Amino acid sequence: MFDYETLKLIWWLLVGVLLVGFAVMDGHDMGMGALLPFVAKSDSERRVLINSVAPHWDGNQVWFITAGGAIFAAWPLVYATAFSGLYFALMAVLWAMFFRPVGFDFRSKVADPRWRTAWDWGLFVGSAIPALLFGVAFGNVLLGVPFHYDDTMRSSYTGTFWALLNPFSLLAGLLSLSMIAFHGANYLIVRTEGVIQQRASRAALICGGLMVVVFAVCGVLVANISGYVLISGPAAGVMQSPLDKVVEMQAGAWFGNFAKMPLLWIIPALGFIGALAGMFFAAKLKGVFAFVSSSVAMLGVIFTAGIAMFPFVLPSSSMPAHSLTAWDCVSSQRTLGIMFWVALIMTPIVIAYTGWAYRIMRGKITVAHIEANDHSLY
């Protein structure tokens, strides 16, 4: 039905959509965890926050798993290279995330305040650290990751874990953390009331403002770092080897796609407009509108990075010609075609049952409800 080049473009877009879906759906419960020690002041208030996401947070992991699975199947070279070279960074994300299921299930089973406080900080670590490291990963991808291939296509990573924590990538991590905390605060405005809702509103204004400032600063820095330019290579519609192309690094090259097609500036604009609208609605306690707005802001931020790098998806700083692009890191045309039809059938089903689950569990969570159901809630 589609030619190979079109399928490559479709899967670049679908991977981006899955990452946005993960940020929107898993981002709000991670944002809640990152805000847990600050928005809630008592044990009952913390249980309000936890019960606002605990019944369905694991369902949101579908987006995380699906995004990882889609990268594995559609971009196997990206998956293999990233997981081999960035093994310790990815394990750090997983180790931090271990605190979440254990914390949700065991935190309220023992009444000892020391036990519950320890798990509150465990949930904070399990939410804030992955949010920070996701941004650090994006920052390193924009700078280029030090890897290359030998003649048999075995990848070698020549950097270290600590080198990933450079100033620009940490700033990108701060953008990711503030964006997710902003989204989580807007979700709490929807699900809580009274003093907790007021604190969530203040948290949304602080995190949203920080997100806008850091997004702007990152944009200025990206305009001055060296980006990658595909000089020559095989036609996009054929099977390619990542070693058969010429790539150059040029200052400001990550803005090249926006210069060629000015209409694309609407994407970063959505990042700013969504954030400012989310702050406006958060101040008015209009939680649903604030949540939708921060979702739009996330879409704008994530696709700004993707469009800036296109067609690159994993640039190599040590051997630019070995960088992976949307044209040469992909599976066969047959694989991409089968995956397209699977995605076309399964995605509406996932969206439908997710919408049904959230409809069933809608409504406000209050301190009175928690105290009246002390032994049956998280």
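The values are calculated or read from the model by the stated rules, or taken from the named source; none is laboratory data. All of these numbers come straight from a predicted model, not from anything done at the bench. Here the Cβ is made from the backbone with ideal geometry for all residues, glycine too, and neighbour counts use every protein chain on show. Surface accessibility is based on the protein's heavy atoms, side chains included, excluding ligands, DNA and RNA. Shrake-Rupley method; radii C 1.70, N 1.55, O 1.52, S 1.80 Å.
Placing Lys109, Lys284, Lys260 in order of accessible area, with the largest value first and a 1.4 Å probe, yields Lys260, Lys109, Lys284.
For region 288-378, what is the convex hull volume of its Cα atoms per residue in Å³?
Numbers: hull volume 18.6 nm³, N = 91.
Value for region 288-378: 204 Å³ per residue.
The mean sequence separation of alpha-carbon pairs under 8 Å and at least six residues apart, normalised by the residue count of the chain, gives a relative contact order of 24 percent.
Determine the sum of side-chain charges near Gly278: Lys and Arg each +1, Asp and Glu each -1, restricted to other residues whose C-beta is under 15 angstrom from that of Gly278.
Numbers: positive: Arg202, Lys284, Lys286; negative: none.
Charge balance near Gly278 sits at +3.
How high is the FRET efficiency between Gln250 and Phe106 when r is their beta carbon distance and R₀ equals 41 Å, given to the nearest 0.05?
Values: r = 53 Å, r/R0 = 1.28.
Between Gln250 and Phe106 the formula returns 0.20.
Computed extension length for Leu221-Ile349: 42.0 nm, one decimal, from 0.36 nm per residue of separation with the Cα-Cα distance subtracted. Between Ala269 and Val195, the contour length at 0.36 nm per residue exceeds the Cα-Cα span by 23.3 nm.
Normalise the Debye intensity by I(0) for region 102-168, one equal point scatterer per Cα, no solvent, then take log10 at q = 0.15, 0.17, 0.22 Å⁻¹ and round to two decimals. Results for region 102-168 at q = 0.15, 0.17, 0.22 Å⁻¹ read -0.67, -0.73, -0.90. Other residues whose C-beta falls under 12 angstrom from the C-beta of Asp58 contribute a net charge of -2, scoring Lys and Arg +1 and Asp and Glu -1.
Under a Gaussian network description of the chain, with springs only between Cα atoms under 10 Å, the residue in Ser318, Ser169, Ser293 that fluctuates furthest is Ser318.
The solvent-accessible area of Trp95, taken with every protein chain present and a 1.4 Å probe, is close to 130 Å².
State which helices in the chain qualify, where a helix is a whole DSSP H run, it must extend 20 Å or more along its own axis by its Cα atoms, and its mean Kyte-Doolittle hydropathy must be at least 1.6.
Numbers: long enough: 4-39 (50 Å, 1.27); 57-74 (26 Å, 0.66); 113-143 (44 Å, 0.86); 167-191 (36 Å, 1.26); 194-222 (41 Å, 1.67); 266-283 (25 Å, 2.09); 287-309 (33 Å, 1.94); 333-360 (40 Å, 1.04).
Taking the DSSP H segments of the chain (at least 20 Å long, mean hydropathy at least 1.6), we get 194-222, 266-283, 287-309.
Taking a ≥ b ≥ c as the square roots of the eigenvalues of the alpha carbon gyration tensor, region 23-115 is prolate, as a/c is not under 1.5 and a/b beats b/c. Under 1.5 on a/c is rounded, so check that first for region 92-208, then, if it is not, pick prolate when a/b is larger than b/c and oblate when it is not; a ≥ b ≥ c are the square roots of the alpha carbon gyration tensor eigenvalues. The shape class here is oblate.
Above 31 Å lies some portion of the pair distances; for the chain, what is it as a whole percent of all C-alpha pairs? Taking all Cα-Cα pairs of the chain, the fraction more than 31 Å apart is 37 percent. Projecting the Cα atoms of His375, Ala251, Gly278 onto the dipole axis of region 251-378, where Lys and Arg carry +1 and Asp and Glu carry -1 at the beta carbon, places Gly278 farthest toward the positive end. In the elastic network of the chain, a GNM with C-alpha springs shorter than 10 Å, the most mobile of Ala74, Ala204, Ala181 is Ala74.
When the chymotrypsin sites (Phe, Trp or Tyr not before Pro) in region 135-194 are filtered for DSSP coil states and for at most 15 other beta-carbon atoms within 10 Å of their beta-carbon, the remaining sites are Phe161. If a spin label sat at a point 7 angstrom from the Cα of Arg202 along the line to its beta carbon, the backbone N atoms of region 276-290 nearer than 17 Å would be those of 282-285. Across Val296, Val93, Val238, mean-square fluctuation computed from a Gaussian network of the chain (C-alpha pairs under 10 Å connected) peaks at Val238. Mind running the shape call on region 297-343? Use the C-alpha gyration tensor, a ≥ b ≥ c as the square roots of the eigenvalues: rounded below 1.5 for a/c, prolate if a/b tops b/c, oblate otherwise. Since a/c reaches 1.5 but b/c is at least a/b, the shape of region 297-343 is classed as oblate. Among the protein heavy atoms, those of Met261 account for about 110 Å² of accessible surface (1.4 Å probe, every chain in place). Only protein heavy atoms count here; on that basis, with a 1.4 Å probe, Val367 has an accessible area of about 50 Å². The residue list Met211, Met25, Pro113 was ranked by how far each Cα lies along the charge dipole of the chain toward its positive end, using unit charges on Cβ atoms, and Pro113 comes out on top.
In terms of the mean number of neighbouring beta-carbon atoms within 10 Å, the peptides 50-62, 349-361, 122-134 order highest first as 122-134, 50-62, 349-361. As a length-normalised measure over Cα pairs under 8 Å and 6 or more apart, the relative contact order of region 235-297 settles at 26 percent.
Annotation: peptides 302-308, 240-246, 330-336, ranked by per-residue average of other Cβ atoms within 10 Å with the highest first, follow the order 302-308, 330-336, 240-246. The simple spin-label model puts a point 7 Å past each Cα toward its Cβ; for Phe161 and His369 those points are separated by 4.1 nm. Shown for the chain: lysine pairs separated by 8 or more places, or found on different chains, whose C-alpha atoms are under 20 Å apart, numbering 5. If the viscosity is 0.692 mPa s and the temperature 37 °C, what Stokes-Einstein diffusion coefficient in µm²/s follows for region 208-293 when Rh is the Kirkwood radius over Cα pairs? The calculation lands on 208 µm²/s.
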